[in-house]
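Asker: Below you'll find the structure I mean.
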Amino acid sequence: ETRQTVGARLWGERVGWDWNWEFIGQFGEFGRGDIRAWSVATDTGYTWNGAPLTPRLGLSANIASGDEDPDDPDLETFNPLYPRGSYFSELALLGPRNFYNLHPFLTVNLTDRLAITADVDFFWRLQTEDGIYSPGGRLLRSGAGSDARYVGTEVSLNTSWQANEWVDLTGIYAHFFPGEFIQDTGSAKDIDYIEFTLKIRF
């Protein structure tokens, strides 16, 4: 495999609005075939700076290409190369390949040091001939066995407290509800995830 990646990023903020958008294209060769893949990742939000709790309402909308035909030599599945394991959430269940998702979230600041974020994330497959992948790129479920696009929904609650200038505490709860594609292709149990993190700076 020989793969080149080119991209552009637009970001900024104005009158309460903030945005961070990335556009990526990939091309190259994969065995006898060609690589043609792409991705768009966006995060847009509005903060009520003068309101109590300084709430920020955001929407992350993302999409990445998948392979249209597993029987031809061309490869159209996007490769994020070196993604964060927690690309979508701390649950780190899915990777950014062959998908599109909508991720609205709300952050409120109870104090200058205590913030809570509640969010819901909806996942679909872009190409029904391609499957779903782990954050590291391993194929979790192939596209065989189901034409369903809907992969599942995740809800989560994240609480972050900066106790002082040296210590941060974080608590996270997430729950994943499997969608039609998961139910059609094997085990389809709900997933619960709990995380507590202590960070000390010195």
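The values are calculated or read from the model by the stated rules, or taken from the named source; none is laboratory data. As the structure is a computational prediction, the values presented were derived from the model and not from experiment. A quick note on method: Cβ atoms are made from the backbone with ideal geometry, for glycine too, and the neighbour counts reach across all protein chains shown. The protein model used for the area step is the full one, side chains on, heavy atoms only, and it has no ligands, DNA or RNA in it. Shrake-Rupley method; radii C 1.70, N 1.55, O 1.52, S 1.80 Å.
Asker: Once amide H atoms are placed 1.01 Å from N in the peptide plane, what residues at a sequence separation of 5 or more from Tyr150, or on another chain, have their amide H within under 5 Å of its amide H?
Answerer: Arg125, Glu180, Phe181
Asker: Rounded to the nearest 20 Debye, what is the dipole magnitude of the range 22-133 about its Cα centre when Lys and Arg each give +1 and Asp and Glu each give -1 at the C-beta? Mind dumping the intermediate values first?
Answerer: On the way: 7 positive and 17 negative charges, 153 e Å.
Dipole of the range 22-133, to the nearest 20 debye: 740 debye.
Asker: Roughly how many whole Å is it from the C-alpha centroid of the range 136-173 to that of the range 5-35?
Answerer: 22
Asker: Which of Tyr100, Gly143, Ala115 sits closest to the plus end of the dipole of the chain, meaning its Cα is farthest towards the positive end, when Lys and Arg get +1 and Asp and Glu get -1 on the C-beta?
Answerer: Working it through, the farthest residue towards the positive pole turns out to be Ala115.
Asker: Moving to a separate point now. Under the definition of Cα pairs under 8 Å and six or more residues apart, what whole-number percent is the relative contact order of the chain? Provide the component values of the computation, followed by the final result.
Answerer: Details: 524 pairs, mean separation 26.9, N = 202.
Once normalised by length, the contact order is 13 percent.
Asker: Evaluate the relative contact order of the range 123-202 (contact order divided by residue number), counting alpha-carbon pairs under 8 angstrom at least 6 apart; express in whole percent. Mind showing how you got there, number by number?
Answerer: Working: 151 pairs, mean separation 20.9, N = 80.
Taking the mean separation of contacting Cα pairs over the length of the range 123-202, I get 26 percent.
Asker: Given a 1.4 angstrom probe, I'd like the percentage of the accessible area of the range 60-189 that is carbon and sulfur, rounded to a whole number.
Answerer: Working: 3390 of 6340 Å².
Within the range 60-189, the accessible surface is 54 percent carbon and sulfur.
Asker: If you build the convex hull over the alpha carbons only and average its shadow over all orientations, what do you get for the range 64-131? Give it in nm² to one decimal.
Answerer: Numbers: hull surface 22.8 nm².
Approximately 5.7 nm², given one-decimal rounding.
Asker: If you roll a 1.4 Å probe over the heavy atoms of the protein chains, what accessible area per residue do you get for the chain, in Å²? Please list the in-between numbers first.
Answerer: Values: 11690 Å² over 202 residues.
Per residue, the chain has an accessible area of 58 Å².
Asker: So what does log10 I(q)/I(0) come out to for the range 158-202 at q = 0.25 Å⁻¹, using the Debye formula with one equal point on every Cα and no solvent?
Answerer: -0.84
Asker: Can you pull the Rg over Rh of the chain, Cα-only, Kirkwood? Intermediate values should be presented prior to the final figure.
Answerer: Details: Rg = 18.9 Å, Rh = 18.6 Å.
That ratio is 1.02, to two decimals.
Asker: When the C-alpha atoms of the range 55-101 are aligned to their principal axes, what extent does each axis show, in angstrom, from largest down?
Answerer: 49, 19, 15
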